[in-house]
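Undergrad: What follows is a single structure, and I will ask about it in a moment.
The values are calculated or read from the model by the stated rules, or taken from the named source; none is laboratory data. Because the structure is a prediction, the values reported are computed rather than measured. Because the Cβ atoms are built from the backbone with ideal geometry, glycine has one as well, and the counts that use them run over all protein chains shown.
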Amino acid sequence: MTEDRYDDWKYPQIEEKKLHPKYFFLVQHKENFKLSENTDIGAFTYINARYGVLIEKNVQIGSHCSIYTISTIDGKKGKVIIKENARIGTHSTIMPGVTIGKNSIIGAHSFVNKTIPDDSLAYGVPIKIIGKNKG
């Protein structure tokens, strides 16, 4: 990943339950949301941080993704961690209690309902680890 794209990166001002005026993502429970430097969150992404969301540095999240720390369907709840240099494809859903490992890639339209180890390539509904990220 080239660092040039982040030369002018600034921490975004996040307001509770409001679309970010420039990047168009929405965060609920912003007091439990931790965002590291040089991140890219795609337009129309929804983040429910009720039980904590940590996004480490150099993470890319595609547009229209959903990150949940609570599920009203099955009662699951837990912190979501997306580690350094991870990339999440557009329209993916990340469920409560999941950690996505450092340098991992999640393919578009994936349903991430389990932890993904470092350096993994994974995709699918539900998510399956396909191999190693060799990049």
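Undergrad: Of the residues that make up the stretch 70-82, is at least one small (G, A, S), surrounded by fewer than 21 Cβ atoms within 10 Å (Cβ to Cβ) and in contact with a Pro (Cβ under 7 Å, 6 or more places away or on another chain)?
TA: yes
Undergrad: Suppose we filter the stretch 34-46 for residues that are of a type in the set (A, V, I, L, M, F, W, C), surrounded by fewer than 20 Cβ atoms within 10 Å (Cβ to Cβ) and within 13 Å of I67 (Cα to Cα); how many remain?
TA: 1
Undergrad: I'd like to verify a number: residues in the stretch 121-134 that are of a type outside the set (D, E, K, R) and outside any strand (DSSP E or B), how many?
TA: Initial filter on the stretch 121-134 (of a type outside the set (D, E, K, R)): 121-127, 129-131, 133.
Next, only the ones that are outside any strand (DSSP E or B) stay: 124-127, 133.
Within the stretch 121-134, residues that are of a type outside the set (D, E, K, R) and outside any strand (DSSP E or B) number 5.
Undergrad: Oh, and also: Going by what's in this entry, would D8 be described as acidic (D, E), modelled with pLDDT under 90 and not in a strand (DSSP E or B)?
TA: Against the criterion (acidic (D, E), modelled with pLDDT under 90 and not in a strand (DSSP E or B)), D8 qualifies.
Undergrad: Given the conditions (1) surrounded by 17 or more Cβ atoms within 10 Å (Cβ to Cβ); (2) in a loop (DSSP other than H, G, I, E, B), and given that K57 satisfies all but one, which numbered condition is not satisfied?
TA: (1)
Undergrad: Let me ask you something else. Just the residues that are assigned to a loop (DSSP other than H, G, I, E, B) and under 12 Å from T99 (Cβ atoms), please, taken from the stretch 41-54.
TA: Result: G52, single match.
Undergrad: Of the residues T90, T72, which is more than 21 Å from F25 (Cβ to Cβ), in a loop (DSSP other than H, G, I, E, B), among the β-branched types (V, I, T) and over 10 Å from the mean Cα position of the chain (by Cα)? Lay out the reasoning, then the answer.
TA: Details: T90 fails: more than 21 Å from F25 (Cβ to Cβ).
Exactly one residue qualifies, and that residue is T72.
Undergrad: Does A49 meet the test of being modelled with pLDDT of 95 or more and surrounded by 17 or more Cβ atoms within 10 Å (Cβ to Cβ)?
TA: yes
Undergrad: Which pairs do you get when a residue that is in contact (Cβ under 8 Å) with a residue 12 or more places away in the chain and farther than 16 Å from Q60 by Cβ, found in the stretch 93-109, comes within reach of a residue that is surrounded by fewer than 22 Cβ atoms within 10 Å (Cβ to Cβ) and charged (D, E, K, R), reach meaning Cβ atoms under 6 angstrom, with the pair 6+ apart or on two chains?
TA: P96/K76; P96/K77
Undergrad: Kindly establish whether D118 is among the acidic types (D, E), modelled with pLDDT of 95 or more and either touching a Leu at 6+ places or on another chain (Cβ under 8 Å) or part of a loop (DSSP other than H, G, I, E, B) (or both).
TA: Criteria met by D118.
Undergrad: Go through the stretch 93-115 residue by residue and tally those that are under 19 Å from L35 (Cβ atoms) and not in a strand (DSSP E or B).
TA: 6
Undergrad: When the stretch 85-113 is examined, which residues are found to be crowded, with 22+ Cβ neighbours inside 10 Å and among the hydroxyl-bearing types (S, T, Y)?
TA: Within the stretch 85-113, S92, S104, S110 meet the criteria.
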